[in-house]
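Accompanying notes for the structure given below.
The values are calculated or read from the model by the stated rules, or taken from the named source; none is laboratory data. Keep in mind it's a predicted model, so treat the numbers as computed, not measured. Note that we place each Cβ from the backbone using ideal geometry, even for glycine, and neighbour counts take in every protein chain shown.
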Amino acid sequence: MSVWGAIALAVAGSACMNLGLVLQKRGIVRPEPQSPLTRTTFRSRHPPIWYLGMGLMVGGYGIYAAAVSARVAPISLLQPLSASGLLVVALLAVVYLNERFDAAEWLGVGILLAGVIL
């Protein structure tokens with residue numbers, strides 16, 4: 001694996017972890033209503049989207065661990081790139097969860113983006 005491959009894995013793993021967190025929040029905040037006709041004998045505490053988020057989060061940790069364990073790129077390079085996943089959270093919070101950011105929060109997202117680029 002090359003350095004660029006490890007960088008791509010680190011960014012993809014971080015994005016998966018944070019996408020999983022967004023899906024878990026969606027599953028908790030807006031539970032899907034169940035009608036008596038669609039109930040099964042298995043009763044879950046969380047809707048399926050929560051479990052999808054958990055799977056993405058665990059899978060993202062695995063991808064990130066693969067990037068770090070490849071030893072082709074230093075951890076001092078890969079760790080700051082994991083902050084790119086927070087950009088995914090910010091974007092999905094606005095688009096998917098319909099949350100609103102104020103000016104200070106957008107400033108923070110901009111500073112985070114500048115830090116990832118640098």
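Filtered by the rule that a residue be assigned to a helix (DSSP H, G or I) and of a type in the set (Ser, Thr, Tyr), the stretch 42-75 gives Tyr51, Tyr61, Tyr64, Ser69.
Table: residues versus (1) modelled with pLDDT under 85; (2) under 30 Å from Ala6 (Cα atoms); (3) of a type outside the set (Gly, Ala, Ser).
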| residue | (1), (2), (3) |
| --- | --- |
| Gly27 | yes, no, no |
| Thr38 | yes, no, yes |
| Pro47 | yes, no, yes |
| Gly59 | no, yes, no |
| Ile63 | no, yes, yes |
| Ala66 | no, yes, no |
| Ala70 | yes, yes, no |
| Gln79 | yes, yes, yes |
| Ala104 | no, no, no |
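Tell me whether the stretch 71-90 contains one or more residues that are more than 12 Å from the chain's Cα centre (by Cα) and over 24 Å from Ala114 (Cα atoms). Taking every residue of the stretch 71-90 in turn, at least one turns out to be more than 12 Å from the chain's Cα centre (by Cα) and over 24 Å from Ala114 (Cα atoms). Is there a residue in the stretch 51-62 that is touching a residue at least 40 places away in the same chain (Cβ under 8 Å), β-branched (Val, Ile, Thr) and on the phi < 0 side of the Ramachandran plot? No. Taken over the stretch 87-102, the residue count meeting the criterion of being over 12 Å from Lys25 (Cα atoms) and touching a Lys or Arg at 6+ places or on another chain (Cβ under 7 Å) is 0.
Against the condition over 14 Å from Ala15 (Cβ atoms), surrounded by fewer than 16 Cβ atoms within 10 Å (Cβ to Cβ) and modelled with pLDDT of 85 or more, how does Gly115 come out, does it pass? No, not satisfied.
Between residues in the stretch 66-81 that are closer than 11 Å to Gly13 by Cα and residues that are modelled with pLDDT under 80, which pairs lie under 8 Å by C-beta distance while being six or more apart or on different chains? Pairs found: Leu81/Val116. In a residue-by-residue description of the stretch 76-93, the property of being part of a helix (DSSP H, G or I), of a type in the set (Val, Ile, Thr) and surrounded by fewer than 13 Cβ atoms within 10 Å (Cβ to Cβ) applies to no position.
Quick one: is Ala6 buried (at least 18 other Cβ atoms within 10 Å of the Cβ), in a helix (DSSP H, G or I) and modelled with pLDDT of 85 or more? Yes; evaluated as a whole, the condition is true for this residue.
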